[in-house]
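Down below is the structure, laid out as structure tokens.
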Amino acid sequence: MQFGFRTFITDPFVLIFLSVVSGLILGEVRIGRFSLGTSGGLFTGLFFGWYIYASYALPYKDMAAADVPKYASAMLSGGVVPSVLFDFSLILFVAAVGLLASKDLGTVVKRYGAKFILLGFAVTLAGAGGIFLLTRIFPDQNPYAVSGVYTGALTSSPGLAAAIESVAKYGGEAQAQVGYGHAVGYAPGVLIVIIAMQFFPLIFRIDIEKEKERFHEEIGAAENASTEQGKVKEVGFDIIAFFLACFLGYFVGSVKLYLGPAVKYFSLGSTGGILVTSLVLGFIGKIGPLNFRMDTKVLGVIREIGLAMFLAIVGLRYGYDTVNSLLSSGAMLAMFSFVDGLFAIIVGYVLGRYVFKLNWIILAGALCGGMTSTPGLGAAIDSTKSDDVASGYGATYPFALLGMVVFTILLHTFV
């Protein structure tokens, strides 16, 4: 019998399963009212991602290709876990969340619509302003890396694309610095939203059950409304409808709209496209033989599987860069990301809670949407035990993405 331990322990699926299982066990540990829940996989993924890359890939980095083992070569070229697995787990999660939260979409947008638009721009503007202030307090930072930190702090791939494009005229080194800043800033940006979703109810003494009651009072009993979508009968699971929602959403996310010479092209990306499409299709309910109103228990299982895998993969892919940056010159940039993310989400909370008077269920989703944080959405669902937060996320997310693109370009100009 033969068993190659190095090949086995570096296999992406083994690492995902290991991170998910250990993360869910860690998430069960409670300290008072606090627990990590499904987010535990992010932290175990960070550890395994750092250890595996440092132990089994980094030693071969400067060797000739012929001397590098296949497992190490795969990690050096594509990361500890391939990006395609990252994308697939994210697609499963957001499609399930969109279909789960879709039934009240019309009422939610009608009641809170303008507030979502303002929150989306306010949070991203606060993030850009925070980074600008930090560069004035700590001026000796690479300006290209700093613009990347902003996109990482708010976990925005479209923002990263805009930042890279805006510095293209300065050469490959400038673009590399933008990518480095994004990589360093991404994990702290994810962490701050997850922490906020867990701790804001404790810090601000929010009674989640009362907030749920308030939410349902404000939007009304949608299931009793005399509208056609309210009469659509749920099916157990329509696999064709589910994957059609994924396909159409991926297409919508791939479409780029030209918004003028300053912003140029804007797209929702795969996450935004699938989420918005799932919300709309689920709201419609039924198209011909296809039923997009599916059993909540089935969609809930898909959501949990997708989220657990997604968080673990985030940790695995960013583990080495995160730990290495904290132990080296990137520590300051990581601090920038954490402080900036905290500042942006606090600004959004104050605006949403005390100015717009939003209930926590909607506001939690809107804050995650404003931060363009899909892991944060998972933490919000986990902490509130309600999929309704996704309505706020889905309605805020497109405006936050647009704000990210605009403010990234402006930030680079001023920094």
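Read the figures in this text as sums done on the coordinates, not as results from a lab. The shown structure was predicted, so the numbers you read here are calculated from the model rather than taken from an experiment. Cβ coordinates were reconstructed from backbone atoms using ideal geometry, including for glycine residues, and neighbour counts include every protein chain displayed.
Amide hydrogen proximity for LEU259: with H placed 1.01 Å from N in the peptide plane, the residues at 5 or more positions away or on another chain lying under 5 Å are LYS264, TYR265, PHE266.
Applying 1/(1 + (r/R0)^6) with r as the Cβ-Cβ distance of ALA114 and ASP140 and R0 = 41 angstrom yields a FRET efficiency of 0.50.
Relative protection proxy for 199-208, 249-258, 60-69, 346-355, from highest mean packing down: 346-355, 249-258, 199-208, 60-69 (other beta-carbon atoms within 10 angstrom).
Using 0.36 nm per residue and subtracting the Cα-Cα separation, the extra length available between ALA64 and VAL21 on full extension is 11.9 nm. Spin-label pair GLU28-PHE414: with each label point 7 Å from Cα along the Cα-Cβ axis, the two points sit 4.9 nm from one another. When you work out D = kT/(6 pi eta Rh) for segment 97-191 at 37 °C and 0.692 mPa s, using the Kirkwood radius from C-alpha pairs as Rh and the Stokes-Einstein form, the result is 220 µm²/s. What shape does segment 1-112 take by its C-alpha gyration tensor, where a ≥ b ≥ c are the square roots of the eigenvalues and a/c under 1.5 counts as rounded, a/b above b/c as prolate, and the rest as oblate? The shape class here is prolate. Per-residue packing, averaged as other Cβ atoms within 10 Å, sorts the ranges 113-121, 95-103 into the order 95-103, 113-121, beginning with the highest. Take every pair of alpha-carbon atoms less than 8 Å apart whose residues are at least six positions apart; their mean separation over the length of the chain yields a relative contact order of 31 percent. Once the dipole of the chain is set up with Lys and Arg at +1 and Asp and Glu at -1 on Cβ about the Cα centre, which of ILE194, ALA395, MET309 lies farthest towards its positive end? Ranked along the dipole, the leading option is ALA395. With the cut-off at 1.5 for a/c, could you classify segment 373-415 from its C-alpha gyration tensor as rounded, prolate or oblate? Verdict is prolate for segment 373-415. Shape summary of the chain, radius of gyration then Dmax from alpha carbon positions: 21.2, 69 Å. If exposed means no more than 12 neighbouring beta carbons inside 10 Å and the site is in a DSSP loop, what's the longest run of the chain without any exposed GluC sites (Glu not before Pro)? No qualifying site falls inside 29-227, the longest such stretch. Rounded to whole numbers, the Karplus 3J(HN,Hα) couplings from phi for segment 395-411 are 7, 8, 3, x, 6, 5, 4, 5, x, 4, 4, 5, 6, 5, 5, 5, 4 Hz, using 6.51 cos²θ - 1.76 cosθ + 1.60 with θ = phi - 60°, and x at Gly and Pro. Which of rounded, prolate, oblate describes segment 335-392, given a ≥ b ≥ c as roots of the alpha-carbon gyration tensor eigenvalues and a/c under 1.5 marking rounded, otherwise prolate only if a/b is larger than b/c? Since a/c reaches 1.5 but b/c is at least a/b, the shape of segment 335-392 is classed as oblate.
With the cut-off at under 15 Å, measuring from each backbone N in segment 43-63 to a point 7 Å along the Cα-to-Cβ line of ALA331 picks out no residue. Need the list of lysines near LYS103 for cross-linking: C-alpha distance under 26 angstrom, and skip anything on the same chain fewer than eight residues off. Hits, sequence-local ones excluded: LYS115, LYS210, LYS212, LYS231, LYS233, LYS286, LYS297, LYS357, LYS385. At full extension, ASP207 and VAL350 could sit 49.8 nm farther apart than now, given 0.36 nm per residue minus the alpha carbon distance. If you bin all the Cα-Cα distances of segment 281-361 at 10 Å, starting from zero, the percentages per bin are 14, 20, 27, 28, 10, 2. Quick one: among THR155, THR374, THR135, which has the greatest mean-square fluctuation in a GNM of the chain with alpha-carbon springs under 10 angstrom? Comparing THR155, THR374, THR135 in the GNM, the peak value goes to THR135.
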